[in-house]
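Please read the structure below before turning to the comments.
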Amino acid sequence: MKHTFIFLSILALSILSFKNLSASNKAIEPGNLVIQWNLLTLKVAKKANQNSNLASRTAAIEAIAVYDAVNSIKHFGTPYHYFVAPTGAASAQAAVVQAAHDVLVNYFPNQKEFIDSALNSSLQNITDGPIENGQKIGAAAAADIIALRANDGSSPLTTYAGPANPGVGVYRPTPGKFAPGIDVEWGNVKPFLLKDAKQFLPEPPPAIGSDEYKKALAEVAEIGEIKSTKRTEDQTHIAQFYKQDAELTVNEGLRELATIHKTSLEENALIFALVDIAEADARIEIWGGKYGYLFWRPVTALNASEDGSVKDYTKWTPLINTPPHPSYPSGHSATITAGYEILKKFFGDKNRLELHTTTPGEPNRIVASLSILEWENGYSRVYGGIHYPFENTAAQNVGRKIAAYVLANGPKKN
């Protein structure tokens, strides 16, 4: 409930920012439109209670629509899918806002009034060409990607109640609500760029009882327990800060870097598309692993008897409530790494970022490099007691492979 309040509050601020923008006599910085509508996309998705899987898909579709619309007018890169050059001059800025608007209205019709208002505000100060022609291109690009993703397997989704007699190492619902596992079919969703959802699937987790497994279990038991005396205050902050949905951390860093480096409209259209494609495909890939391996969570392992059964969960409690899906590999780690590895290619590693979180009461987090952020996010899952270290390592390797594949095979400058 607190998270919902925070998102609604930020959404209200987004409305004010659009009103302030429309009241200004200054022309809009072209690249900022891509940034603004990415922010709006994430806020609208969260207001609709989309989880990370669904929201990463939404962000990728919006970013692709924007990229293909801008590219149709500017001819600066290879298209993702749509490319129909306008017959005359057209505003690329208008194409951006119309493409983003149409994607959001399609998926969130209940928020149409707000999204329409944002569109009107964005259009008021556009000066880079005929607005109506740009809007036509934006609308066409949005319609194209919406149609392309219409039957991608993202709906309907079912839940996983767990096996009737789970044994050692087998996932089952966890405290506190013992909610069934979510999004069972997400590993079957059609990827945006990968050949299939098993292209970079990691090796199976370490065998139960192996030295690697026992070492990892002991580490999470020591530093991930709610009352751990081994976890430092800063490590606790790291766990709490990064527990928000991973696509929020990716896209906020992207928006901040684009603002700092003052990237152009064309550059932003390309970078946002590549980053959001990478994180969306990472979610699909990882989910295939989660429900393929069905590996148990630390909270289950640390409360289980030798036969794998759990009578109660009072022996060991994690710092953070365990998410309702299988453990291996870590979705957070793959999502963040896939996105930030692409950002490194465009902006370099050494960048100072100040990021926010939806976790109530947590201060902003300042990092000196993108690699530090990747490391912190990955180990936040161990500090929180919800993942083993090897799950973070495996997922980050998947994220790096996906980022490299997207850079090699996705849209790029001519």
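The values are calculated or read from the model by the stated rules, or taken from the named source; none is laboratory data. It should be emphasised that the depicted structure is a prediction, and the values quoted were computed from it without experimental measurement. Every residue, glycine as well, gets a Cβ built from its backbone with ideal geometry; the counts of neighbours run over all protein chains shown.
If only one of 168, 220 is of a type outside the set (Phe, Trp, Tyr) and assigned to a loop (DSSP other than H, G, I, E, B), which one is it?
168
Sort through 80, 67 and tell me the only one that's in a loop (DSSP other than H, G, I, E, B) and modelled with pLDDT of 95 or more.
Being in a loop (DSSP other than H, G, I, E, B) and modelled with pLDDT of 95 or more holds for just one of 80, 67, which is 80.
May I ask you to list the residues in segment 203-217 that are out of contact with any Gly (no Cβ under 6 Å at 6 or more places or on another chain) and part of a loop (DSSP other than H, G, I, E, B)?
Matches in segment 203-217: 203, 204, 205, 206, 207, 209, 210.
Quick one: in segment 46-66, of everything that is more than 14 Å from residue 270 (Cβ to Cβ) and of a type in the set (A, V, I, L, M), which residue is farthest from the chain's Cα centre (by Cα)?
Here the residue is 48.
Does segment 309-324 contain any residue that is of a type in the set (Gly, Ala, Ser) and over 29 Å from residue 401 (Cβ atoms)?
Taking every residue of segment 309-324 in turn, at least one turns out to be of a type in the set (Gly, Ala, Ser) and over 29 Å from residue 401 (Cβ atoms).
Confirm whether residue 321 is polar (S, T, N, Q), surrounded by fewer than 20 Cβ atoms within 10 Å (Cβ to Cβ), closer than 25 Å to residue 160 by Cβ and in contact (Cβ under 8 Å) with a residue 40 or more places away in the chain.
yes
Just to be sure, is residue 278 crowded, with 18+ Cβ neighbours inside 10 Å, in contact with a helix residue (DSSP H, G or I) (Cβ under 7 Å, 6 or more places away or on another chain) and either more than 25 Å from residue 384 (Cα to Cα) or among the aromatic types (Phe, Trp, Tyr) (or both)?
Yes, satisfied.
Under 24 Å from residue 402 (Cα atoms) and either buried (at least 20 other Cβ atoms within 10 Å of the Cβ) or not β-branched (Val, Ile, Thr) (or both): is that true of residue 138 in this structure?
The answer is no for residue 138.
Which of (1) buried (at least 21 other Cβ atoms within 10 Å of the Cβ); (2) basic (Lys, Arg); (3) assigned to a helix (DSSP H, G or I) does residue 243 not meet, given it meets every other one?
The one condition residue 243 does not meet is (3).
One line per residue, one yes/no per condition, for (1) polar (S, T, N, Q); (2) in contact with a Ser or Thr (Cβ under 8 Å, 6 or more places away or on another chain); (3) at pLDDT below 95; (4) more than 22 Å from residue 57 (Cα to Cα):
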position	(1), (2), (3), (4)
320	no, no, no, yes
325	no, no, no, no
342	no, no, no, no
359	yes, no, no, yes
382	no, no, no, yes
386	no, yes, no, yes
401	no, no, no, no
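Taking only segment 67-85 into account, find how many residues are crowded, with 18+ Cβ neighbours inside 10 Å, more than 11 Å from residue 266 (Cβ to Cβ) and not small (Gly, Ala, Ser).
The total comes to 3.
Identify, please: which residue in segment 324-356 is within 14 Å of the chain's Cα centre (by Cα) and under 20 Å from residue 385 (Cβ atoms) and is, among those, surrounded by the fewest Cβ atoms within 10 Å (Cβ to Cβ)?
Of everything passing the filter in segment 324-356, 331 is surrounded by the fewest Cβ atoms within 10 Å (Cβ to Cβ).
Report yes if some residue within segment 312-321 is on the phi > 0 side of the Ramachandran plot, assigned by TED's automatic domain parsing to the domain that holds residue 257, in a loop (DSSP other than H, G, I, E, B) and not hydrophobic (A, V, I, L, M, F, W, C); otherwise report no.
No; the residues of segment 312-321 include none that is on the phi > 0 side of the Ramachandran plot, assigned by TED's automatic domain parsing to the domain that holds residue 257, in a loop (DSSP other than H, G, I, E, B) and not hydrophobic (A, V, I, L, M, F, W, C).
Looking only at segment 359-393, filter to residues that are of a type in the set (A, V, I, L, M, F, W, C) and assigned to a helix (DSSP H, G or I); which one of those is surrounded by the most Cβ atoms within 10 Å (Cβ to Cβ)?
382
Just wondering, is there one or more residues in segment 284-299 that are in a loop (DSSP other than H, G, I, E, B), closer than 24 Å to residue 228 by Cα and not aromatic (Phe, Trp, Tyr)?
Scanning segment 284-299, I find at least one residue that is in a loop (DSSP other than H, G, I, E, B), closer than 24 Å to residue 228 by Cα and not aromatic (Phe, Trp, Tyr), so the answer is yes.
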